[in-house]
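Notes follow once the structure below has been shown.
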Amino acid sequence: MAAPCSEDPSLERHFKGHRDAVTCVDFSVNMKQLASGSMDSCLMIWHMKPQSRAYRFTGHKDAITCVNFSPSGHLLASGSRDKTVRIWVPNVKGESTMFRAHSATVRSVHFCSDGQSLVTASDDKTVKVWSTHRQRFLFSLNQHINWVRCAKFSPDGRLIVSASDDKTVKLWDKTSRECVYSYCEHGSFVTYVDFHPSGTCIAAAGMDNTVKVWDVRTHRLLQHYQLHSAAVNALSFHPSGNYLITASSDSTLKILDLMEGRLLYTLHGHQGPATTVAFSRTGEYFASGGSDEQVMVWKSNFDNVDYGEVIKVQRPPATLATSTGNLPEVDFPIPPGKGRSLESVQSQPQESISMPQTLTSTLEHIVSQLDVLTQTVSILEQRLTLTEDKLKQCLENQQLIMQRATP
(Lines give C-alpha, C1' and ligand atoms only; values in the text may rest on other atoms or scores of the structure.)
Protein backbone atom coordinates (compact mmCIF):
# COMPACT_ATOMS: atom_id res chain seq x y z
CA MET A 1 0.00 0.00 0.00
CA ALA A 2 1.33 3.42 -0.96
CA ALA A 3 2.31 5.81 1.78
CA PRO A 4 -0.17 8.63 2.31
CA CYS A 5 0.79 12.06 1.00
CA SER A 6 1.69 14.50 3.76
CA GLU A 7 0.84 17.62 1.74
CA ASP A 8 -0.61 18.53 -1.62
CA PRO A 9 1.80 19.29 -4.49
CA SER A 10 2.61 23.01 -4.64
CA LEU A 11 3.77 25.33 -7.41
CA GLU A 12 7.25 26.52 -6.40
CA ARG A 13 8.51 28.53 -9.38
CA HIS A 14 7.69 29.36 -12.95
CA PHE A 15 10.16 30.34 -15.64
CA LYS A 16 9.41 32.71 -18.52
CA GLY A 17 11.79 33.08 -21.44
CA HIS A 18 10.51 30.97 -24.31
CA ARG A 19 8.75 32.76 -27.16
CA ASP A 20 6.57 29.83 -28.25
CA ALA A 21 5.09 26.61 -26.86
CA VAL A 22 7.33 24.58 -24.54
CA THR A 23 7.70 21.03 -25.89
CA CYS A 24 10.01 19.24 -23.43
CA VAL A 25 11.65 19.45 -19.98
CA ASP A 26 14.29 17.45 -18.08
CA PHE A 27 16.12 17.85 -14.76
CA SER A 28 19.86 17.30 -14.33
CA VAL A 29 20.84 14.54 -11.92
CA ASN A 30 21.94 16.97 -9.19
CA MET A 31 18.77 19.08 -9.53
CA LYS A 32 20.86 22.22 -10.16
CA GLN A 33 19.63 22.65 -13.73
CA LEU A 34 16.38 22.24 -15.63
CA ALA A 35 16.45 22.10 -19.44
CA SER A 36 13.52 23.02 -21.67
CA GLY A 37 12.99 23.05 -25.41
CA SER A 38 10.47 25.02 -27.41
CA MET A 39 8.85 25.64 -30.77
CA ASP A 40 10.94 28.86 -30.74
CA SER A 41 14.04 26.72 -31.64
CA CYS A 42 15.80 27.68 -28.40
CA LEU A 43 17.09 25.47 -25.63
CA MET A 44 16.90 27.05 -22.17
CA ILE A 45 18.91 25.96 -19.12
CA TRP A 46 17.21 27.22 -15.98
CA HIS A 47 19.11 27.28 -12.70
CA MET A 48 17.22 26.07 -9.66
CA LYS A 49 19.26 28.39 -7.44
CA PRO A 50 17.24 31.61 -6.99
CA GLN A 51 18.39 34.77 -8.79
CA SER A 52 20.61 32.80 -11.18
CA ARG A 53 20.55 33.74 -14.85
CA ALA A 54 19.30 31.20 -17.38
CA TYR A 55 21.33 30.10 -20.41
CA ARG A 56 19.73 30.40 -23.84
CA PHE A 57 21.32 28.07 -26.39
CA THR A 58 20.76 28.60 -30.10
CA GLY A 59 21.87 26.27 -32.86
CA HIS A 60 18.84 24.34 -34.02
CA LYS A 61 17.23 25.75 -37.16
CA ASP A 62 13.68 24.70 -36.26
CA ALA A 63 11.52 23.72 -33.26
CA ILE A 64 13.15 21.68 -30.49
CA THR A 65 11.03 18.63 -29.72
CA CYS A 66 13.00 16.76 -27.01
CA VAL A 67 15.76 17.13 -24.40
CA ASN A 68 17.55 14.69 -22.09
CA PHE A 69 20.46 15.05 -19.66
CA SER A 70 23.10 12.31 -19.62
CA PRO A 71 23.26 10.19 -16.42
CA SER A 72 26.28 12.20 -15.24
CA GLY A 73 24.50 15.49 -15.96
CA HIS A 74 27.52 16.82 -17.86
CA LEU A 75 25.99 16.41 -21.32
CA LEU A 76 22.59 17.35 -22.71
CA ALA A 77 20.99 15.98 -25.89
CA SER A 78 18.33 17.77 -27.91
CA GLY A 79 16.38 16.79 -31.00
CA SER A 80 14.64 19.05 -33.50
CA ARG A 81 12.33 19.43 -36.42
CA ASP A 82 15.50 20.36 -38.37
CA LYS A 83 16.25 16.57 -38.41
CA THR A 84 19.35 16.92 -36.25
CA VAL A 85 20.48 15.99 -32.75
CA ARG A 86 22.82 18.23 -30.77
CA ILE A 87 24.95 17.20 -27.80
CA TRP A 88 25.60 20.19 -25.55
CA VAL A 89 27.94 20.87 -22.64
CA PRO A 90 25.41 22.71 -20.42
CA ASN A 91 27.62 25.55 -19.20
CA VAL A 92 27.81 29.26 -19.99
CA LYS A 93 29.67 28.65 -23.31
CA GLY A 94 26.90 26.41 -24.64
CA GLU A 95 29.17 24.49 -27.04
CA SER A 96 27.65 21.62 -28.97
CA THR A 97 28.23 19.03 -31.66
CA MET A 98 25.54 18.39 -34.24
CA PHE A 99 24.73 15.36 -36.33
CA ARG A 100 22.04 14.67 -38.94
CA ALA A 101 20.20 11.86 -37.15
CA HIS A 102 17.15 11.29 -39.34
CA SER A 103 15.52 12.21 -42.64
CA ALA A 104 12.56 13.84 -40.85
CA THR A 105 11.72 15.51 -37.50
CA VAL A 106 13.51 14.02 -34.48
CA ARG A 107 10.81 13.46 -31.84
CA SER A 108 12.75 11.83 -28.98
CA VAL A 109 16.26 11.52 -27.51
CA HIS A 110 17.22 9.39 -24.51
CA PHE A 111 20.56 8.38 -22.96
CA CYS A 112 21.15 4.81 -21.81
CA SER A 113 21.75 4.45 -18.05
CA ASP A 114 25.47 3.80 -18.66
CA GLY A 115 25.74 7.03 -20.67
CA GLN A 116 27.41 5.20 -23.55
CA SER A 117 24.55 5.20 -26.06
CA LEU A 118 21.66 7.36 -27.20
CA VAL A 119 18.33 6.33 -28.75
CA THR A 120 16.41 8.62 -31.11
CA ALA A 121 12.96 8.40 -32.70
CA SER A 122 11.66 10.21 -35.75
CA ASP A 123 8.88 10.99 -38.18
CA ASP A 124 10.90 8.96 -40.71
CA LYS A 125 9.33 5.90 -38.92
CA THR A 126 12.65 4.69 -37.48
CA VAL A 127 14.27 4.30 -34.08
CA LYS A 128 18.07 4.67 -34.14
CA VAL A 129 20.78 3.91 -31.60
CA TRP A 130 24.04 5.90 -31.52
CA SER A 131 27.24 5.87 -29.49
CA THR A 132 27.28 8.96 -27.26
CA HIS A 133 30.94 9.74 -27.91
CA ARG A 134 31.59 10.83 -31.50
CA GLN A 135 27.89 10.14 -32.22
CA ARG A 136 28.58 7.03 -34.30
CA PHE A 137 25.50 5.34 -35.78
CA LEU A 138 25.09 1.81 -34.38
CA PHE A 139 21.81 0.39 -35.69
CA SER A 140 18.23 1.14 -36.67
CA LEU A 141 14.88 -0.42 -35.68
CA ASN A 142 12.45 -0.27 -38.59
CA GLN A 143 9.11 -2.02 -37.98
CA HIS A 144 6.88 1.00 -37.29
CA ILE A 145 4.70 2.07 -40.21
CA ASN A 146 4.06 5.67 -39.11
CA TRP A 147 5.83 8.46 -37.19
CA VAL A 148 7.65 7.34 -34.04
CA ARG A 149 6.91 9.81 -31.24
CA CYS A 150 9.06 8.43 -28.43
CA ALA A 151 11.76 5.84 -27.64
CA LYS A 152 13.32 4.99 -24.27
CA PHE A 153 15.92 2.58 -22.87
CA SER A 154 14.96 0.31 -19.99
CA PRO A 155 16.71 1.07 -16.66
CA ASP A 156 19.18 -1.79 -17.25
CA GLY A 157 19.75 -0.78 -20.89
CA ARG A 158 18.75 -4.19 -22.29
CA LEU A 159 15.42 -3.18 -23.81
CA ILE A 160 14.07 -0.27 -25.84
CA VAL A 161 10.42 0.75 -25.99
CA SER A 162 8.94 2.94 -28.73
CA ALA A 163 5.57 4.63 -29.32
CA SER A 164 4.15 5.48 -32.71
CA ASP A 165 1.35 7.05 -34.71
CA ASP A 166 0.71 3.53 -36.06
CA LYS A 167 -1.17 3.07 -32.72
CA THR A 168 1.38 0.56 -31.39
CA VAL A 169 3.95 0.42 -28.62
CA LYS A 170 6.87 -1.84 -29.54
CA LEU A 171 9.33 -3.53 -27.19
CA TRP A 172 12.80 -4.24 -28.62
CA ASP A 173 15.76 -6.33 -27.46
CA LYS A 174 18.84 -4.08 -27.75
CA THR A 175 21.27 -6.98 -28.27
CA SER A 176 19.33 -9.00 -30.89
CA ARG A 177 17.72 -5.84 -32.35
CA GLU A 178 14.48 -7.79 -32.65
CA CYS A 179 10.97 -6.61 -31.82
CA VAL A 180 9.99 -8.66 -28.76
CA TYR A 181 6.34 -7.61 -28.64
CA SER A 182 3.84 -5.12 -30.07
CA TYR A 183 1.15 -3.67 -27.80
CA CYS A 184 -1.89 -2.73 -29.89
CA GLU A 185 -4.54 -1.66 -27.35
CA HIS A 186 -4.43 2.10 -28.09
CA GLY A 187 -7.24 3.44 -30.26
CA SER A 188 -5.21 6.31 -31.72
CA PHE A 189 -1.68 7.72 -32.01
CA VAL A 190 0.59 6.83 -29.07
CA THR A 191 2.31 10.03 -27.95
CA TYR A 192 4.65 8.93 -25.16
CA VAL A 193 6.04 5.85 -23.43
CA ASP A 194 8.42 5.14 -20.55
CA PHE A 195 9.68 2.33 -18.31
CA HIS A 196 8.70 1.94 -14.67
CA PRO A 197 11.85 2.43 -12.50
CA SER A 198 11.85 -1.33 -11.77
CA GLY A 199 12.05 -2.08 -15.51
CA THR A 200 9.22 -4.61 -15.18
CA CYS A 201 6.49 -2.60 -16.85
CA ILE A 202 5.84 0.33 -19.20
CA ALA A 203 3.29 3.14 -19.33
CA ALA A 204 2.07 4.74 -22.56
CA ALA A 205 -0.01 7.84 -23.27
CA GLY A 206 -2.24 8.36 -26.27
CA MET A 207 -4.29 10.73 -28.38
CA ASP A 208 -7.28 8.60 -27.32
CA ASN A 209 -7.06 10.38 -23.91
CA THR A 210 -5.85 7.21 -22.15
CA VAL A 211 -2.85 5.95 -20.20
CA LYS A 212 -2.09 2.22 -20.21
CA VAL A 213 0.36 0.17 -18.13
CA TRP A 214 1.69 -3.21 -19.30
CA ASP A 215 3.93 -5.89 -17.78
CA VAL A 216 6.91 -6.31 -20.14
CA ARG A 217 7.43 -9.95 -19.09
CA THR A 218 3.90 -11.31 -19.50
CA HIS A 219 2.73 -8.47 -21.84
CA ARG A 220 -0.50 -8.24 -19.84
CA LEU A 221 -2.39 -4.96 -19.65
CA LEU A 222 -2.18 -4.13 -15.94
CA GLN A 223 -3.90 -0.76 -15.70
CA HIS A 224 -5.99 1.46 -17.95
CA TYR A 225 -6.80 5.07 -17.08
CA GLN A 226 -9.23 7.34 -18.92
CA LEU A 227 -9.14 10.45 -16.78
CA HIS A 228 -8.28 13.25 -19.21
CA SER A 229 -10.76 14.92 -21.55
CA ALA A 230 -8.18 15.43 -24.32
CA ALA A 231 -4.96 13.87 -25.63
CA VAL A 232 -2.33 12.82 -23.08
CA ASN A 233 0.96 14.31 -24.30
CA ALA A 234 3.52 13.07 -21.76
CA LEU A 235 3.98 11.10 -18.56
CA SER A 236 6.65 10.48 -15.93
CA PHE A 237 7.12 7.85 -13.22
CA HIS A 238 8.03 8.94 -9.70
CA PRO A 239 11.41 7.30 -8.81
CA SER A 240 9.71 5.25 -6.06
CA GLY A 241 7.56 3.64 -8.76
CA ASN A 242 4.40 4.33 -6.75
CA TYR A 243 3.13 7.33 -8.71
CA LEU A 244 2.69 8.44 -12.31
CA ILE A 245 2.13 12.00 -13.52
CA THR A 246 0.50 12.89 -16.85
CA ALA A 247 0.23 16.08 -18.95
CA SER A 248 -2.72 16.65 -21.25
CA SER A 249 -4.13 18.96 -23.90
CA ASP A 250 -7.05 19.50 -21.49
CA SER A 251 -4.54 21.85 -19.71
CA THR A 252 -4.23 19.67 -16.58
CA LEU A 253 -1.59 17.54 -14.91
CA LYS A 254 -2.83 14.44 -13.07
CA ILE A 255 -1.02 12.40 -10.44
CA LEU A 256 -2.00 8.72 -10.24
CA ASP A 257 -1.41 6.37 -7.32
CA LEU A 258 -0.33 3.15 -9.06
CA MET A 259 -0.50 1.08 -5.91
CA GLU A 260 -4.14 1.93 -5.29
CA GLY A 261 -5.05 2.39 -8.94
CA ARG A 262 -6.65 5.78 -8.41
CA LEU A 263 -6.40 9.47 -9.21
CA LEU A 264 -4.71 11.48 -6.45
CA TYR A 265 -4.51 15.03 -7.81
CA THR A 266 -5.58 17.15 -10.74
CA LEU A 267 -3.37 20.23 -11.09
CA HIS A 268 -4.41 23.38 -12.97
CA GLY A 269 -1.55 25.71 -13.83
CA HIS A 270 -1.17 26.03 -17.58
CA GLN A 271 -3.35 28.16 -19.82
CA GLY A 272 -3.91 25.84 -22.76
CA PRO A 273 -2.44 22.38 -23.43
CA ALA A 274 0.11 20.96 -20.97
CA THR A 275 2.65 19.49 -23.37
CA THR A 276 5.34 17.96 -21.17
CA VAL A 277 6.06 16.81 -17.61
CA ALA A 278 9.00 15.18 -15.80
CA PHE A 279 9.91 14.24 -12.22
CA SER A 280 13.33 15.16 -10.85
CA ARG A 281 15.71 12.25 -10.16
CA THR A 282 14.74 12.19 -6.46
CA GLY A 283 11.05 12.80 -7.05
CA GLU A 284 11.10 15.83 -4.77
CA TYR A 285 10.08 18.09 -7.66
CA PHE A 286 8.46 17.82 -11.06
CA ALA A 287 8.45 20.27 -13.96
CA SER A 288 5.83 20.92 -16.61
CA GLY A 289 5.64 22.93 -19.81
CA GLY A 290 2.80 24.13 -21.98
CA SER A 291 1.63 25.96 -25.05
CA ASP A 292 1.44 29.06 -22.80
CA GLU A 293 5.28 29.29 -23.17
CA GLN A 294 5.78 28.70 -19.45
CA VAL A 295 7.91 26.20 -17.54
CA MET A 296 6.58 25.45 -14.07
CA VAL A 297 8.37 23.72 -11.19
CA TRP A 298 6.22 21.98 -8.58
CA LYS A 299 7.12 20.44 -5.22
CA SER A 300 5.78 16.89 -4.95
CA ASN A 301 5.47 16.80 -1.13
CA PHE A 302 5.35 12.99 -1.10
CA ASP A 303 7.59 9.93 -1.13
CA ASN A 304 11.05 11.45 -1.62
CA VAL A 305 13.76 8.86 -2.24
CA ASP A 306 17.51 8.97 -1.73
CA TYR A 307 18.80 9.04 -5.31
CA GLY A 308 22.27 8.20 -4.03
CA GLU A 309 20.86 4.85 -2.97
CA VAL A 310 18.89 4.37 -6.18
CA ILE A 311 21.97 4.64 -8.42
CA LYS A 312 23.83 2.05 -6.35
CA VAL A 313 21.28 -0.68 -7.10
CA GLN A 314 22.75 -3.50 -9.19
CA ARG A 315 19.49 -4.41 -10.90
CA PRO A 316 15.97 -3.01 -10.77
CA PRO A 317 13.57 -5.10 -8.65
CA ALA A 318 11.79 -7.60 -10.88
CA THR A 319 8.58 -8.46 -9.06
CA LEU A 320 4.98 -7.32 -9.23
CA ALA A 321 2.47 -7.61 -6.41
CA THR A 322 -1.13 -8.45 -7.25
CA SER A 323 -4.16 -6.88 -5.67
CA THR A 324 -7.67 -7.64 -6.85
CA GLY A 325 -10.61 -5.33 -6.47
CA ASN A 326 -13.36 -3.54 -8.31
CA LEU A 327 -12.28 -0.33 -9.99
CA PRO A 328 -14.54 2.74 -10.07
CA GLU A 329 -16.01 2.66 -13.55
CA VAL A 330 -16.03 6.45 -13.91
CA ASP A 331 -12.30 6.70 -13.29
CA PHE A 332 -10.83 3.52 -14.72
CA PRO A 333 -12.93 1.97 -17.51
CA ILE A 334 -11.44 -1.36 -18.58
CA PRO A 335 -11.59 -2.15 -22.32
CA PRO A 336 -14.19 -4.76 -23.39
CA GLY A 337 -12.92 -8.28 -22.92
CA LYS A 338 -10.54 -7.27 -20.13
CA GLY A 339 -10.99 -8.48 -16.58
CA ARG A 340 -11.84 -6.04 -13.81
CA SER A 341 -8.89 -7.11 -11.67
CA LEU A 342 -6.05 -4.68 -11.02
CA GLU A 343 -2.45 -5.74 -10.84
CA SER A 344 -0.34 -3.13 -9.08
CA VAL A 345 3.34 -2.37 -9.26
CA GLN A 346 5.31 -2.71 -6.04
CA SER A 347 9.03 -2.17 -5.59
CA GLN A 348 10.91 -4.69 -3.46
CA PRO A 349 13.73 -3.82 -1.02
CA GLN A 350 16.82 -2.93 -3.02
CA GLU A 351 20.29 -4.28 -2.39
CA SER A 352 23.04 -1.72 -2.60
CA ILE A 353 26.68 -2.25 -3.41
CA SER A 354 28.92 -1.45 -0.48
CA MET A 355 31.51 1.06 -1.66
CA PRO A 356 33.33 3.83 0.21
CA GLN A 357 31.65 7.19 -0.43
CA THR A 358 34.95 8.92 -1.29
CA LEU A 359 35.80 6.28 -3.92
CA THR A 360 32.29 6.53 -5.43
CA SER A 361 32.53 10.32 -5.62
CA THR A 362 36.01 10.15 -7.20
CA LEU A 363 34.87 7.63 -9.85
CA GLU A 364 31.77 9.69 -10.66
CA HIS A 365 33.96 12.80 -11.03
CA ILE A 366 36.38 10.97 -13.37
CA VAL A 367 33.52 9.67 -15.53
CA SER A 368 31.92 13.12 -15.76
CA GLN A 369 35.24 14.73 -16.74
CA LEU A 370 35.74 12.07 -19.43
CA ASP A 371 32.28 12.95 -20.78
CA VAL A 372 33.19 16.62 -21.06
CA LEU A 373 36.68 15.95 -22.50
CA THR A 374 35.32 13.57 -25.13
CA GLN A 375 32.64 16.08 -26.08
CA THR A 376 35.28 18.84 -26.33
CA VAL A 377 37.33 16.63 -28.68
CA SER A 378 34.20 16.06 -30.79
CA ILE A 379 33.58 19.83 -30.96
CA LEU A 380 37.23 20.45 -32.01
CA GLU A 381 37.03 17.69 -34.64
CA GLN A 382 33.88 19.24 -36.06
CA ARG A 383 35.54 22.68 -36.21
CA LEU A 384 38.65 21.17 -37.86
CA THR A 385 36.48 19.53 -40.51
CA LEU A 386 34.79 22.89 -41.21
CA THR A 387 38.21 24.59 -41.46
CA GLU A 388 39.47 21.90 -43.88
CA ASP A 389 36.35 22.35 -46.03
CA LYS A 390 36.89 26.12 -46.14
CA LEU A 391 40.57 25.67 -47.10
CA LYS A 392 39.62 23.29 -49.91
CA GLN A 393 37.07 25.80 -51.17
CA CYS A 394 39.66 28.60 -51.07
CA LEU A 395 42.17 26.48 -53.04
CA GLU A 396 39.53 25.59 -55.61
CA ASN A 397 38.59 29.26 -55.98
CA GLN A 398 42.28 30.21 -56.38
CA GLN A 399 42.75 27.58 -59.09
CA LEU A 400 39.69 28.90 -60.96
CA ILE A 401 41.05 32.46 -60.77
CA MET A 402 44.47 31.32 -62.05
CA GLN A 403 42.86 29.38 -64.92
CA ARG A 404 40.84 32.42 -65.96
CA ALA A 405 43.95 34.65 -65.71
CA THR A 406 45.99 32.33 -67.96
CA PRO A 407 45.79 33.56 -71.64
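The values are calculated or read from the model by the stated rules, or taken from the named source; none is laboratory data. Everything quoted here is computed from the prediction, not taken from an experiment. Cβ atoms come from the backbone with ideal geometry, glycine included; neighbour counts cover every protein chain shown. Keep in mind that these areas ignore ligands, DNA and RNA; they rest on the heavy atoms of the full protein, side chains included. Shrake-Rupley method; radii C 1.70, N 1.55, O 1.52, S 1.80 Å.
Just flag the trypsin sites (Lys or Arg not before Pro) in the stretch 130-160 sitting in loop per DSSP whose Cβ has no more than 15 other Cβ atoms within 10 Å.
Details: sites: R134, R136, R149, K152, R158; in loops: R136, R158.
Those satisfying the criteria are R136, R158.
Label positions at S188 and M31, each projected 7 Å from the Cα along the C-beta direction, are separated by 3.6 nm.
Once you have a ≥ b ≥ c as the square roots of the Cα gyration tensor eigenvalues for the stretch 141-212, tell me rounded if a/c is under 1.5, and otherwise prolate or oblate according to whether a/b is larger than b/c. If you can, show how the numbers build up before the last one.
Numbers: a/c = 2.20, a/b = 1.31, b/c = 1.68.
Cα axes put the stretch 141-212 in the oblate bin.
Ignoring ligands, DNA and RNA, what accessible area per residue does the stretch 93-153 give at 1.4 Å, in Å²?
On the way: 2410 Å² over 61 residues.
Heavy-atom SASA per residue in the stretch 93-153 reads 39 Å².
Which of rounded, prolate or oblate describes the stretch 1-61 when judged by the alpha-carbon gyration tensor and an a/c cut-off of 1.5? Because a/c hits 1.5 or more and a/b exceeds b/c, the stretch 1-61 counts as prolate.
Based on the alpha-carbon gyration tensor of the stretch 85-126 and its eigenvalue square roots a ≥ b ≥ c, which shape applies: rounded if a/c is under 1.5, prolate if not and a/b is larger than b/c, or oblate? Before the final figure, lay out the partial values.
On the way: a/c = 2.87, a/b = 1.46, b/c = 1.96.
Oblate.
For a 22 Å ceiling on Cα separation, which of these pairs sit above it: K254/K299; K93/K128; K152/K299; K93/K299?
Those over the limit are K93/K128; K152/K299; K93/K299.
Site pair L395 and N146 shows an inter-label distance of 5.1 nm when each label is modelled 7 Å from Cα along Cα→Cβ.
The label point for T266 and the one for E7, both projected 7 Å from the Cα toward the Cβ, are 2.4 nm apart.
What ranking, highest mean first, results for peptides 107-114, 86-93 when packing means the other Cβ atoms within 10 Å averaged over each residue? Don't skip to the end; give the middle numbers.
Working: 107-114: 21.4, 86-93: 18.4.
Answer by packing, highest mean first, reads 107-114, 86-93.
Tally Lys and Arg at +1 and Asp and Glu at -1 over the other residues with C-beta under 9 Å from the C-beta of S80: what net charge comes out? Walk me through the intermediate numbers first.
On the way: positive: K61, R81, K83, R86; negative: D62, D82.
Value of the local net charge: +2.
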